Amino acid sequence: MLKRTGSKVVIDALADAGVTTVFGYPGGAIMPFYDALLDSPLEHILVRHEQSATHAADGYARASGRMGVCIATSGPGATNLVTGICTAAMDSTPLLCITGQVPTALIGTDAFQEADVPGLVTAISKHYYQVRDVDDLPEIIAEAIFLTTTGRPGPVVVDIPKDVQIATTTRRCEPIDHVDGYVARPVCDEAKVRLAHELLKSAEKPVCIVGGGCKLSGATEKFREWCDITQMPVITTLNGIGCADPEYKGWLGMPGMHGHRRSNRAITECDLIVAMGIRFDDRVTGKLAMFAPEARIIHIDIDECELSKLVKVDAALHSDMGAALEMWLPLFTSDPVPDFAEWRDEAMAIGTGLNPAPAPADGKVAPTTLLDEVMQLIGGDAIVTTDVGQHQMWAAQRVRASHPTKFVTSGGAGTMGFGLPSAMGAQFACKDQRVLAIAGDGGFQMTMSELATIRRCNLPLKILVMDNKFLGMVRQWQEMFFDNRYSGVDLSDNPDFAALARVFGLTAFTLNEADRMGETLAAWWNCDGPALLHAICHLEENVFPMVPAGAGLADMVESA
Amino acid sequence: MMKSLTFAMKLRQMSSLPKVLMLCQRLGGTVTYLSAADGQANLVLLAPRDRAHRFAPQLRRLVDVTSLTELHVLGVTPAQTPRRAGRRTA
Ligand SMILES: Cc1ncc(C[n+]2csc(CCOP(=O)(O)OP(=O)(O)O)c2C)c(N)n1
């Protein structure tokens, strides 16, 4: 019988699962695994911080629909993964994390670089394993891959002590397609779909809100078919951006705190919401008591926990979204629904509420104007990743992603530092596609060491750092809700980001004056290889529309 | 207002009990009784009434909980529940 080391077992399972690239950072407790990587077909990308490995693997997964894999050593290596695991959990990314652990005999002794990984990830992972016997490893790794990619995807952590990586086993394991008590692809009864159909038939002003579950279910094409048939207004949440065809006549935009005016208005006025693959996040609903006061609600979600969790629904379809739509689509032929085109046009006519920013008196770049130009330049097929803050919301309000894999952002966790490494991961997953990372000056500085990785791998991605010399989003809240008392948000002594990028070996541009915007953007976007644009922006532009925290969607503030 | 919830569950491994307890705590529940042996656990908790519906699906979502049955005790009013539970654990 063929004997394999624990390390080889893991590598074989990853390669068999179609993984081509892994992101990681070595250390003592993971050295046997790193040694085995040398003889493997997997491409290992050495990041400059383990958090970036998680975000890169996350970006890889979100842009490709495949599982992302990251690797870290024990102790501080593993603890550095925590933010990325939480980020992936909040947005349901299939992320497999392999951590080295001190040898089994030393676990529990406070050994050098020992950390209780199961204890650390219990609350933020979909599942975790600590492998104590190499004979268990083939099955564990197969199960981990199955769990991370199926059902509601999420991060799974496999903690492997050093001696288990070295020990050998003859055990093999076929890919797993079943775990006791775990439903990998729930499909609701047809009766539930009929109930939803009846509710839709009796509606006059229905609205659909679609979220990240659509992409995760691989249901984008079916969803677009459903839109074409129903012709009803469609709203895409932050993680649902790209699910609706940007050319669709009834695409209202984003809902919630910084949503488009017409989206929030439609939610407030509609008589039925068809919610697909969304969580009714508080940033989407605003004050729950005021959310869609006139509406009945149909909710399709793969996760039973989401059904009536926050908003009581009238039809709960516990189902994979694609499976539910497969049952629903034929009903429209046999039992047509009313024509919603008039209501759709009425809802669209409310407008986005994105007013062109007045030109700053100092001649500086208005960030919203900049992003309008950038989105125009790059079109809908480029993959856009963002960091977190004002620029994220401005980008989400303006992007015209042709597919949900084209807009990658940390929605649920809102993790600063996500933008640059996730773009790196997206570029590895989609080597022939254009990738743009948009970051604020604050978030960029959290993971900017990845410029070194980008340079080494000569990734042709483009980076836009929007430098408003503030932690902009926090500053906006302080301006609006804390009486202009700016506390801990000053970044006025930022470095010259273009010079910094050049030190790392990237091509870099600076945009300082609004009237040079067009030519600078074109030079940056069209140059070969990795390139950073340092855009020095107007300092105090705010994101509008805005629904203040705790207010209802109807209480949207449109401008200062 | 609190509501008493009673669950019987099967666990893949007993070491997943902390995860069950942590989840109950996060959802605002107070565990008043727990017995567990041989991969089975019985749990009684007091849950805020407006959040009580979240416990069963969230517990079921844990990969290590392979089956979950919610037991409905007839004739128990919320006011009686804490004392009853207290007596049982004493
Ligand atoms: C890791 C992390 N720390 C803190 C925050 C809180 N936070 C949200 S937005 C923001 C400001 C972001 O500033 P910047 O990166 O400059 O982007 P801008 O808002 O100016 O576009 C902060 C501090 C966060 N989301 N993530």
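The values are calculated or read from the model by the stated rules, or taken from the named source; none is laboratory data. Just so it is clear, the structure is predicted and the values come from calculations on it, not from any experiment. Cβ coordinates were reconstructed from backbone atoms using ideal geometry, including for glycine residues, and neighbour counts include every protein chain displayed. All accessible areas refer to the heavy atoms of the entire protein, side chains included, with ligands and DNA or RNA removed. Shrake-Rupley method; radii C 1.70, N 1.55, O 1.52, S 1.80 Å.
One decimal place: the segment residue A:314-residue A:139 gains 58.9 nm when fully extended, by the rule 0.36 nm per residue minus the C-alpha distance.
Less than 11 Å Cβ to Cβ from residue A:29, Lys/Arg counted +1 and Asp/Glu -1: what total charge do the surrounding residues give? Charge balance near residue A:29 sits at -2. Evaluating 6.51 cos²θ - 1.76 cosθ + 1.60 at θ = phi - 60° for every residue in segment A:17-32, the Karplus couplings come out as 7, x, 6, 10, 10, 10, 10, x, 8, x, x, x, 7, 10, 5, x Hz, glycine and proline recorded as x. When each of the peptides A:195-203, A:147-155, A:435-443 is scored by how many other beta carbons lie within 10 Å of its residues on average, the order from highest to lowest is A:435-443, A:147-155, A:195-203.
Distant-in-sequence amide contacts of residue A:437, defined by a placed amide H-H separation under 5 Å and a gap of 5 or more residues or a different chain, comprise A:385, A:462, A:463, A:464. Once you reduce segment A:143-211 and segment A:364-400 to the center of their Cα atoms, the two points are 32 Å from each other.
How high is the relative contact order of chain A, in percent, counting Cα pairs under 8 Å that sit 6 or more residues apart?
14
For segment A:367-536, the calculated P(r), taken from all Cα-Cα distances in 5 Å bins from zero up to the bin holding the longest distance, is 2, 9, 19, 23, 22, 15, 7, 3, 1, 0 percent. Normalised per residue, the accessible area of segment A:4-169 is 31 Å², obtained with a 1.4 Å probe and no contribution from ligands, DNA or RNA. Taken over the alpha carbons of segment A:213-313 as equal point scatterers, the Debye sum produces base-10 log I(q)/I(0) values at 0.15, 0.19, 0.25 Å⁻¹ of -0.56, -0.95, -1.69. Projection of the Cα convex hull of the protein assembly as shown, averaged over all directions and equal to a quarter of that hull's surface, yields 31.2 nm². Determine, from the Cβ-Cβ distance of residue A:349 and residue A:228 and an R0 of 25 Å, the FRET efficiency 1/(1 + (r/R0)^6), rounded to the nearest 0.05. Efficiency computed from Cβ-Cβ geometry: 0.75. Per residue, the Cα convex hull of segment A:254-325 amounts to 82 Å³. Buried accessible surface for the B/A pair, both sides summed and rounded to the nearest 100, is 1300 Å² with a 1.4 Å probe.
With 0.36 nm allotted per residue and the present C-alpha distance subtracted, the residue A:342-residue A:329 stretch has 2.5 nm of extension available. Taking each residue as 0.36 nm, the span from residue A:43 to residue A:449 lengthens on full extension beyond its C-alpha to C-alpha distance by 144.1 nm. Taking other residues whose beta carbon is less than 13 angstrom from the beta carbon of residue B:38, and scoring Lys, Arg as +1 and Asp, Glu as -1, yields +2.
Note on residue A:512 and residue A:557: the model spin-label points, each 7 Å out from Cα along the C-beta direction, lie 3.3 nm apart. Working from Cα pairs under 8 Å separated by at least six residues, relative contact order for segment A:372-428 is 42 percent.
Quick one: of A:215/A:364; A:215/A:249; A:192/A:249; A:462/B:19; A:312/B:19, which pairs are farther than 31 Å apart, Cα to Cα? Could you put the intermediate results ahead of the total?
On the way: A:215/A:364 38 Å; A:215/A:249 21 Å; A:192/A:249 28 Å; A:462/B:19 42 Å; A:312/B:19 27 Å.
Pairs exceeding 31 Å: A:215/A:364; A:462/B:19.
Sorting A:497, A:470 on solvent-accessible area from highest to lowest, probe radius 1.4 Å, gives A:470, A:497.
Once every Cα of segment A:446-560 carries one equal point scatterer and solvent is ignored, give the base-10 log of I(q)/I(0) from the Debye formula at q = 0.24 Å⁻¹, two decimals. Here the Debye-derived log intensity ratios amount to -1.25. A Förster distance of 25 Å, applied to the separation of the beta-carbon atoms of residue A:482 and residue A:289, puts the FRET efficiency at 0.50. Within the protein assembly as shown, what whole-number % of the accessible surface is contributed by carbon and sulfur, with the 1.4 Å probe and all protein chains included in the calculation? Here carbon and sulfur together make up 51 percent of the probe-accessible area. Taking a sphere under 12 Å around the Cβ of residue A:378 and counting the other residues whose Cβ falls inside, with K and R at +1 and D and E at -1, yields a net charge of +2.
Please list A:160-172, A:330-342 highest first by mean number of surrounding beta-carbon atoms within 10 Å per residue.
Values: A:160-172: 19.9, A:330-342: 13.2.
Taking the mean over residues of other Cβ atoms within 10 Å, the ranking is A:160-172, A:330-342.
Ellipsoid semi-axes for segment A:4-169, based on the Cα gyration tensor and the rule √(5λ), read 21, 17, 15 Å when sorted largest first. Mean per-residue shielding of peptide B:49-61 is 3, counting Cβ atoms of other chains within 10 Å of each Cβ. Couplings 3J(HN,Hα) of segment A:411-416, computed from phi: x, x, 8, x, 8, 5 Hz, in residue order, whole Hz [Karplus 6.51 cos²θ - 1.76 cosθ + 1.60, θ = phi - 60°; x for Gly and Pro].
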